[in-house]
1. Spelling out what I want: for every residue of the range 59-67, take phi, set θ = phi - 60°, compute 6.51 cos²θ - 1.76 cosθ + 1.60 (Karplus), and round to whole Hz; glycine and proline get x.
2. Taking the Cα-to-Cβ direction at D55 and at F17 and moving 7 Å from each Cα, how far apart do the two end points lie in nm?
3. Please find the FRET efficiency linking I28 to R5, where r is the Cβ-Cβ separation and R0 is fixed at 30 Å, and quote it to the nearest 0.05.
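Computed from the coordinates by the stated procedures, all read-outs in this text should not be read as laboratory data. It should be emphasised that the depicted structure is a prediction, and the values quoted were computed from it without experimental measurement. Ideal geometry is used to build each Cβ from the backbone, glycine not excepted, and the neighbour counts take in all protein chains shown.
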Amino acid sequence: MRIFREIEIPLIKAPFFSAFIVSFIRAITMLSVIVFLSTSKNVVVTFSIMNLISDGFYGKAAGLTYVLLIISFFRAWFDKAVDGEAGAAFQSLVKIRTAQKPKYERQY
């Protein structure tokens, strides 16, 4: 334990801090997109979670976060089951774009 505390922790401090900063920036970036998507008629789940936390309802926010994670994991599993690998929407987009080649190409 002494080796870990004196050698390993000082070595992983900087990468851990950098990873935290990058994760925080990504989270804030995603939050700003969510705020723009949320309107009075259209309520986004992550915006609701943020409101529950700011109102002090931590249990409800944790439950809603758990449901959101389950839905996300199910969607990832479903994409993998349908296509054989993750990212079905991206793969279908790539297939569409590669299928739209020009009919006539210049011959030099």
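1. For the range 59-67, the Karplus curve yields x, 5, 5, 5, x, 5, 5, 4, 4 Hz.
2. Distance between label points: 3.9 nm.
3. Numbers: r = 32 Å, r/R0 = 1.08.
So, using R0 = 30 Å, E works out to roughly 0.40.
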